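Peer 1: Supplied in structure tokens, the structure appears directly below.
The values are calculated or read from the model by the stated rules, or taken from the named source; none is laboratory data. Since the structure is predicted, the reported quantities are computational estimates derived from the model, not experimental observations. Note: ideal-geometry Cβ built from the backbone for every residue, glycine included; neighbour counts use all protein chains shown.
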């Protein structure tokens, strides 16, 4: 049995925007990263670097947002499954946080490479 609804571009876009709104309302880390992207993206445009370097910086900036959304989804799923303090629940959340930290470190590293090398 397949319980997937039929594909509908408008409905799927609506679901994605609902997720974006929910993340912005409930996830302070995502809100901070999204708001900082309003500074980072224009800075990428303004800095006098090659188009390739700009693309790398844009990609790594959006990667931070994507990983944060995935981390939030993991955290929400863990919270849905159990309210108990469980070592596996903790490790799932910690691993998601580590992925976010690595994506931020990658973005900073990309900026350092572009600006100083």
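Peer 1: Identify all residues within the stretch 27-42 that are without any contact (Cβ under 8 Å) to a residue 24 or more places away in the chain and either exposed (fewer than 12 other Cβ atoms within 10 Å of the Cβ) or outside any helix (DSSP H, G or I) (or both); write none if there are none.
Peer 2: Across the stretch 27-42, the qualifying residues are 28, 32, 35, 38, 39, 42.
Peer 1: Take the conditions touching a helix residue (DSSP H, G or I) at 6+ places or on another chain (Cβ under 7 Å) and outside any helix (DSSP H, G or I) and apply them to residue 74. Does it pass?
Peer 2: no
Peer 1: Same structure again: Taking the criterion of being within 22 Å of residue 27 (Cα to Cα), assigned to a helix (DSSP H, G or I), within 17 Å of the chain's Cα centre (by Cα) and in contact (Cβ under 8 Å) with a residue 40 or more places away in the chain, would at least one residue in the stretch 45-58 satisfy it?
Peer 2: Scanning the stretch 45-58 turns up no residue that is within 22 Å of residue 27 (Cα to Cα), assigned to a helix (DSSP H, G or I), within 17 Å of the chain's Cα centre (by Cα) and in contact (Cβ under 8 Å) with a residue 40 or more places away in the chain.
Peer 1: Only one residue in 61, 97 is touching a residue at least 40 places away in the same chain (Cβ under 8 Å), within 12 Å of the chain's Cα centre (by Cα) and under 22 Å from residue 22 (Cβ atoms). Which one?
Peer 2: Exactly one of 61, 97 is touching a residue at least 40 places away in the same chain (Cβ under 8 Å), within 12 Å of the chain's Cα centre (by Cα) and under 22 Å from residue 22 (Cβ atoms), namely 61.
Peer 1: For the structure I just gave you, tell me whether residue 92 is modelled with pLDDT of 95 or more, surrounded by 15 or more Cβ atoms within 10 Å (Cβ to Cβ) and farther than 21 Å from residue 29 by Cβ.
Peer 2: Judged against the criteria, residue 92 is not a match.
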